[in-house]
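The values are calculated or read from the model by the stated rules, or taken from the named source; none is laboratory data. Everything quoted here is computed from the prediction, not taken from an experiment. Neighbour counts run over all protein chains shown; Cβ positions are idealised from the backbone, glycine included. Ligands, DNA and RNA are excluded from the accessible area calculation, which covers all protein heavy atoms including side chains. Shrake-Rupley method; radii C 1.70, N 1.55, O 1.52, S 1.80 Å.
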Amino acid sequence: MTFFRPLLATLLLFQIVLNYAQTPISGIINHYAAVEELDACRARVIVDDVGEIQVNDTLLLIQMQGAEINLSNSDEFGEVQAYNNAGLFEGVVVDAIFGDTLQLTHRWINAYDLSGQVQLVRMPNYDEAIVDGTLRAQDWNGRTGGILAFSAGRLVLQADINVSGLGFRGGSAALDYNGTCTWLINHDNYRYLDFSIRSGLKGEGIAGIPELWPRGRGASANGGGAGNDHNTGGGGGAQVTKGGRGGRNDNPNPLGCQGRNPGEAGRAIALTDNRIFLGGGGGSGHGNNNVATDGGHGGGMVLIFAQQMEGNGFAVRANGQDAANSQDDGAGAGGAGGTVLLDVDRYLDDFTVEAIGGRGGDADNSDNPQCYGPGGGGSGGRVLANVPGTIDL
């Protein structure tokens, strides 16, 4: 990633340190700040919370969302029409702080659109980091979080690194079903308004969740579509490949409510070296008995820059979240795997890297003859390790 070289040049200093100062790390080590304003001419950034950010800190500047999608009521709903600035990222260094304004040493390289949820993530730099308890990120909350990022001269794992289920959020199955269904009407829309009872909520992705059309079986980019009325399953979140489609509701009574339109699978993302993404959230199942289940959250991101990494058999995980099983309603779908990006000069000992999609929920029919819709599975995420031209400290 050639644009990291001038901005993270100070990190090269750790390569000449011979007697490392050991630092035990666990829990959440990053500070996250939502970007409120960008002044490119003066290389200044106004944030919502300076918090622990200090002069000379290295920060990850990244846009989380902002893709443009098709919103037509058709099978093209959710198709990405333009990625815009979604997923663009780079390193920046703090030169001075004035209240809520950060003066940077250099102006940033990429263009960013604040409507796409731009955040700054403080990246700690350790001489020798010892992971002695599970290391994680703040949950993605719609503005900040979802990312674990740091650098170290020597990194020793004595516990797992785990950002599973901390990415884009799964759709909620909460629904006040105050109507009825009939075999005469096939509820097949790809989009529904927020107050509609005809579908659950879509999973979140790089286009967010359409404000006007948050319900319906159509996927929202890599966020899975929701199950439609009646009692169908949600569609799985996506990243590298598309997710799994939700399951139908099969009612053996020809005059009973049928569910022929489950949530569509989240759409695969076109991946490039200069963009990284959270895993897409799974769509929810449809319910009328308040026992449908939510979609699983996608996996978060891990970015590690180290001279030496000792795995000791532990794991780095960015898996999608499994959806819970349902009973007598549609089940939610699994979230997609997230992103793991490793720039490590030397690896010692084995360790596991995972970016696995979450499992869709099963649908228990409670011994009824009716078969309710299970959720689709989330797709796998992305792992980048010492990719030439992508990460270069």
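Please specify each residue of the range 197-207 satisfying the condition of being open to solvent by less than 10 Å² (accessible area, probe 1.4 Å), under 25 Å from residue 328 (Cβ atoms) and assigned to a strand (DSSP E or B).
199 - this is the single residue of the range 197-207 that is open to solvent by less than 10 Å² (accessible area, probe 1.4 Å), under 25 Å from residue 328 (Cβ atoms) and assigned to a strand (DSSP E or B).
Could you grab me the full set of residues in the range 311-347 that are of a type outside the set (A, V, I, L, M, F, W, C), within 23 Å of the chain's Cα centre (by Cα) and not in a loop (DSSP other than H, G, I, E, B)? Please lay out each step first, then the result.
Let us first name the residues in the range 311-347 that are of a type outside the set (A, V, I, L, M, F, W, C), namely 311-313, 317, 319-322, 325-330, 332, 334-335, 337-339, 343, 345-347.
Keeping just the survivors that are within 23 Å of the chain's Cα centre (by Cα) gives 317, 319-322, 325, 332, 334-335, 337-339, 343.
317, 339, 343, listed by residue number.
Test residue 239 against the stated conditions and say whether it is of a type outside the set (Ser, Thr, Tyr), open to solvent by 10 Å² or more (accessible area, probe 1.4 Å) and in contact (Cβ under 8 Å) with a residue 40 or more places away in the chain.
Against the criterion (of a type outside the set (Ser, Thr, Tyr), open to solvent by 10 Å² or more (accessible area, probe 1.4 Å) and in contact (Cβ under 8 Å) with a residue 40 or more places away in the chain), residue 239 does not qualify.
Pick out the one residue from 56, 141, 110 that is closer than 29 Å to residue 213 by Cβ and either aromatic (Phe, Trp, Tyr) or surrounded by fewer than 20 Cβ atoms within 10 Å (Cβ to Cβ) (or both). Let's see the steps before the verdict.
Working: 56 fails: closer than 29 Å to residue 213 by Cβ; 110 fails: closer than 29 Å to residue 213 by Cβ.
Answer to the check: 141.
What pairs come out if I take residues in the range 249-278 that are open to solvent by less than 20 Å² (accessible area, probe 1.4 Å) and pair them with residues that are part of a loop (DSSP other than H, G, I, E, B) and of a type in the set (Phe, Trp, Tyr) whose C-beta lies under 7 Å away, six or more apart or interchain?
249/372; 256/183; 269/277; 278/140; 278/168
Against the definition (aliphatic (A, V, I, L, M), over 28 Å from residue 113 (Cβ atoms) and either touching a residue at least 12 places away in the same chain (Cβ under 8 Å) or open to solvent by less than 20 Å² (accessible area, probe 1.4 Å) (or both)), how does residue 184 come out, yes or no? Even if it seems obvious, please write down each step before you answer.
Details: aliphatic (A, V, I, L, M): yes; over 28 Å from residue 113 (Cβ atoms): yes; either touching a residue at least 12 places away in the same chain (Cβ under 8 Å) or open to solvent by less than 20 Å² (accessible area, probe 1.4 Å) (or both): no.
No, not satisfied.
So which of 329, 343, 364 ends up being open to solvent by 20 Å² or more (accessible area, probe 1.4 Å) and among the charged types (D, E, K, R)? Write out each step before concluding.
Values: 329 fails: open to solvent by 20 Å² or more (accessible area, probe 1.4 Å); 343 fails: open to solvent by 20 Å² or more (accessible area, probe 1.4 Å).
Going through 329, 343, 364 in turn, the sole match is 364.
How many residues are loosely packed, with under 14 Cβ neighbours inside 10 Å and under 30 Å from residue 261 (Cβ atoms) when one looks only at the range 82-103? If you could, list the steps in order and put the result at the bottom.
Pass one, the range 82-103, residues loosely packed, with under 14 Cβ neighbours inside 10 Å: 82, 96, 98-99.
If we keep only those that are under 30 Å from residue 261 (Cβ atoms) too, we end up with 82.
The number of residues fulfilling the criteria is 1.
The conditions are (1) at positive phi; (2) open to solvent by 10 Å² or more (accessible area, probe 1.4 Å), and residue 231 fails exactly one of them. Which is it?
(2)
If you take the residues in the range 208-251 that are among the charged types (D, E, K, R) and assigned to a strand (DSSP E or B), which one is farthest from residue 71 (Cα to Cα)? Spell out how you get there, then give the answer.
First pass over the range 208-251, keeping only residues among the charged types (D, E, K, R): 211, 215, 217, 229, 242, 245, 248, 250.
Checking which are assigned to a strand (DSSP E or B) leaves us with 215, 250.
Values: 215: 12, 250: 29 Å.
Step by step, filter the range 208-251, then rank; the result is 250.
With 325, 368 as the choices, which residue is modelled with pLDDT under 95 and not small (Gly, Ala, Ser)? Steps first, answer last, please.
Working: 325 fails: modelled with pLDDT under 95.
Within the list 325, 368, the selection yields 368.
What's the number of the only condition in (1) closer than 18 Å to residue 217 by Cα; (2) assigned to a strand (DSSP E or B) that residue 306 fails to meet?
Of everything listed in (1) closer than 18 Å to residue 217 by Cα; (2) assigned to a strand (DSSP E or B), residue 306 misses just condition (1).
Take the conditions surrounded by 19 or more Cβ atoms within 10 Å (Cβ to Cβ) and within 14 Å of residue 234 (Cα to Cα) and apply them to residue 355. Does it pass?
Details: surrounded by 19 or more Cβ atoms within 10 Å (Cβ to Cβ): yes; within 14 Å of residue 234 (Cα to Cα): no.
Against the criterion (surrounded by 19 or more Cβ atoms within 10 Å (Cβ to Cβ) and within 14 Å of residue 234 (Cα to Cα)), residue 355 does not qualify.
Out of the residues in the range 229-287 meeting the condition of being aliphatic (A, V, I, L, M) and either in contact with a strand residue (DSSP E or B) (Cβ under 7 Å, 6 or more places away or on another chain) or modelled with pLDDT of 95 or more (or both), tell me which one is farthest from residue 170 (Cα to Cα). Break it down stepwise before answering.
Applying the first criterion (aliphatic (A, V, I, L, M)) to the range 229-287 yields 238, 240, 255, 265, 268-271, 276, 278.
Filter once more, keeping what is either in contact with a strand residue (DSSP E or B) (Cβ under 7 Å, 6 or more places away or on another chain) or modelled with pLDDT of 95 or more (or both): 238, 240, 265, 268-269, 271, 276, 278.
Numbers: 238: 11, 240: 18, 265: 13, 268: 16, 269: 17, 271: 22, 276: 19, 278: 12 Å.
So, considering only residues that are aliphatic (A, V, I, L, M) and either in contact with a strand residue (DSSP E or B) (Cβ under 7 Å, 6 or more places away or on another chain) or modelled with pLDDT of 95 or more (or both), the one farthest from residue 170 (Cα to Cα) is 271.
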